[in-house]
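One structure is given here, and the rest of the page talks about it.
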Amino acid sequence: MLEERCASPGLLLALLGHYAMRRLREAHTAHGLSPRQFQLLGLLHDRGPIGQRELGQAMETDPSILVTLLNPLEAGGLLSRQRDTVDRRRHLVKLTAKGERRLVAAAAAQRAAEEELFAGLDQDQREQLQVLLIALRDSASGECAGADPGDCHTGDDAADC
């Protein structure tokens with residue numbers, strides 16, 4: 001029974017996920033970012049200036065939690081928040097040049113950590129793993145309910161994590 005539990009796909013995924021999170025957290029914190037702050041800067045990089053509410057929705061983060069992520073990044077000069085000139089009730093969040101440099105450095109550290117994580121896999125296995133992980137993510141989020149799994153995940157939407 002113990003052997004069966006140790007080989008359980010769910011348990012293996014949870015344990016490996018915990019290990020991967022520790023490695024990625026180390027890579028991000030070496031550059032003064034939490035994984036969520038890294039995600040936030042990545043979204044700003046990919047989407048450009050975005051409303052604070054829309055940013056929170058994209059990150060699936062409560063507004064009060066989002067503010068705790070934004071405040072230190074703004075204080076550190078990594079992003080700016082300004083009132084929208086068209087709608088004064090709306091705050092636009094924008095990545096600064098300093099934030100861009102920090103994101104690039106943290107992304108390089110993340111890639112190095114991922115290389116270590118996946119060192120035991122060849123390129124075909126890495127691609128297969130990515131497809132499977134995206135399928136799991138999509139099915140867990142309900143995005144693909146009722147859809148043909150082959151139509152649901154392309155691997156191109158990883159930036160929206």
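The values are calculated or read from the model by the stated rules, or taken from the named source; none is laboratory data. Here the structure is a predicted model, which is why all the values come from computation and not from measurement. Don't worry about glycine lacking a Cβ; one is built from the backbone with ideal geometry, like all the others, and counts go over all protein chains shown. For accessibility, only protein heavy atoms count, side chains too; no ligands or nucleic acids. Shrake-Rupley method; radii C 1.70, N 1.55, O 1.52, S 1.80 Å.
Some observations on this one:
- Per residue, segment 48-106 exposes an accessible area of 60 Å² to a 1.4 Å probe, with every protein chain left in place.
- Stretching ARG36 away from TYR19 to a fully extended chain increases their span by 4.4 nm, per 0.36 nm per residue minus the current alpha-carbon distance.
- With 0.36 nm allotted per residue and the present C-alpha distance subtracted, the SER8-GLN82 stretch has 21.7 nm of extension available.
- Annotation: peptides 40-47, 85-92, 52-59, 20-27, ranked by per-residue average of other Cβ atoms within 10 Å with the highest first, follow the order 40-47, 52-59, 20-27, 85-92.
- At an R0 of 35 angstrom, the distance between the Cβ atoms of LYS94 and GLU116 translates into a FRET efficiency of 0.60.
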